[in-house]
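Let me begin by presenting the structure, written as structure tokens, before commenting on it.
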Amino acid sequence: MLMYSLQRVGLAAVICVTSMCVLFGAFRLIPGDLATIMLGPRATEEMRDNLNREMGLDRPLPMQLAKFLGGAVRGDLGTDPLTKRSVGSIIVENLPYTLALMLSGLTWSALLGIPLGCYSAIRRNSWIDRLTGVLSVGTISIPSFVIAIYALLFFAIQLNWFPVIGAGEQGNLRDQLWHLALPSFAVGLGWVGYLSRLVRASMLEVMGENHIRTARAFGLPESKIILQYALRIAILPTVTMLALAIGSLFSSAVFAENIFARPGLGKVIVDSAFVHNYPVVQGAVLTTVVIFAFAMPISDLLVAWMDPRVRSTL
């Protein structure tokens, strides 16, 4: 188990380093001089030279890459050339808002999608199962930014049930949760369909296995069979799916944070991209890559901990 954990963490580290190299090269492939793009066409030659020297763009590319990789390993993602703040402090300031949005959306979608999929499998081909299938396909097919726009127009502006924009008053937890409700709905709604369909398919497969028939032959209560013997196995693919959802939730958070004018990494990336502030964009995107890369080994370890069959193959 320890060797398996080290292998998965090592693979995540390799993914992060590869992503950093790709990210570094992608920004260097932008046509034109980056200093001119950031400062505008009216910038003087002296201003461009100062910015290039400040950002290290006057050095050879291998030295720039080595400095970027070394700084990233130490947690130093550079300095914002516009505000003179460290990129790390900007990310630390905005990351909790994005994580709260993602986790709240994922939590309520899991709490709704998993029982819904389980009930659909138990009542297979019933009207509830068919209705769940239609609603699941509908929520999956609608993009998150469309859900966010219509949720804002209907629930916040038309009905005035929720706040329109912002993240709530600092220090007021109730107000912050109230501002979080509608964006988390927009982010998590699509995953209700994904999770319910996945749990339903897994439950139908597990319910036909021999140990379920044996448990019924011994006269165990149906509720105990479903919760302790069927759902415990059927939920394993869902754990992996929740880790994969991290990447999709980050992209959904970008739209939700900009539509609802919430602080967060998504808003930082969009605002910085508009002014060509590539050090901030680079650091924010790298943060999302690291979180996603390490979410996968964590999910694999959880599956191995929950399923003895997986541990026996390690």
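Being at pLDDT 80 or above, in contact with a Lys or Arg (Cβ under 9 Å, 6 or more places away or on another chain) and not aliphatic (A, V, I, L, M) narrows it down to one of Gly168, Gly117, so name that one.
Checking each option against the conditions leaves just Gly117.
Suppose the filter is assigned to a helix (DSSP H, G or I) and of a type outside the set (A, V, I, L, M); does Arg200 pass it?
Considered against the rule, which asks whether it is assigned to a helix (DSSP H, G or I) and of a type outside the set (A, V, I, L, M), Arg200 comes out as yes.
Is there any pair linking a residue in region 47-75 that is within 17 Å of Ala26 (Cα to Cα) and in contact (Cβ under 8 Å) with a residue 12 or more places away in the chain to one that is open to solvent by less than 90 Å² (accessible area, probe 1.4 Å) and of a type in the set (Asp, Glu), with Cβ under 9 Å and at least six apart or on different chains, and which?
Leu57/Asp33
In this structure, does Arg200 turn out to be crowded, with 21+ Cβ neighbours inside 10 Å, at negative phi and of a type in the set (Lys, Arg)?
The answer is yes for Arg200.
Consider region 223-274. How many of its residues are open to solvent by 50 Å² or more (accessible area, probe 1.4 Å) and closer than 17 Å to Thr98 by Cα?
Going through region 223-274 one residue at a time, the tally reaches 6.
Just to be sure I understand the filter: pairs with C-beta atoms under 9 Å, separated by 6 or more residues or on different chains, first member in region 2-14 and farther than 15 Å from Val289 by Cα and of a type in the set (S, T, N, Q), second member exposed (fewer than 13 other Cβ atoms within 10 Å of the Cβ) and modelled with pLDDT of 75 or more. Which pairs pass?
The qualifying pairs do not exist here.
Would you mind finding the one in Ser141, Ser109 that is within 25 Å of the chain's Cα centre (by Cα), hydroxyl-bearing (Ser, Thr, Tyr) and open to solvent by 60 Å² or more (accessible area, probe 1.4 Å)?
Step by step, each of Ser141, Ser109 is checked, and only Ser141 is within 25 Å of the chain's Cα centre (by Cα), hydroxyl-bearing (Ser, Thr, Tyr) and open to solvent by 60 Å² or more (accessible area, probe 1.4 Å).
It is to be established whether one or more residues within region 112-120 are open to solvent by less than 60 Å² (accessible area, probe 1.4 Å), closer than 29 Å to Pro263 by Cβ and in contact with a Ser or Thr (Cβ under 8 Å, 6 or more places away or on another chain).
Yes, that holds for at least one residue.
Among Leu69, Leu57, Leu77, which is the only one that is open to solvent by less than 90 Å² (accessible area, probe 1.4 Å), closer than 18 Å to Val285 by Cβ and either in a loop (DSSP other than H, G, I, E, B) or charged (D, E, K, R) (or both)?
Every option except Leu77 fails the conditions.
Go through region 224-311 and tell me which helices (runs of 4 or more DSSP H), entirely inside it, have 3 or more residues that are polar (S, T, N, Q) and modelled with pLDDT of 75 or more.
236-259, 278-306
Quick one: how many residues across region 173-195 are open to solvent by less than 60 Å² (accessible area, probe 1.4 Å) and not small (Gly, Ala, Ser)?
Number satisfying all stated conditions: 11.
The values are calculated or read from the model by the stated rules, or taken from the named source; none is laboratory data. These numbers come from a predicted model, not from an experiment. Note: ideal-geometry Cβ built from the backbone for every residue, glycine included; neighbour counts use all protein chains shown. Side chains are part of the model used for accessible areas, which takes the heavy atoms of the whole protein and leaves out ligands, DNA and RNA. Shrake-Rupley method; radii C 1.70, N 1.55, O 1.52, S 1.80 Å.
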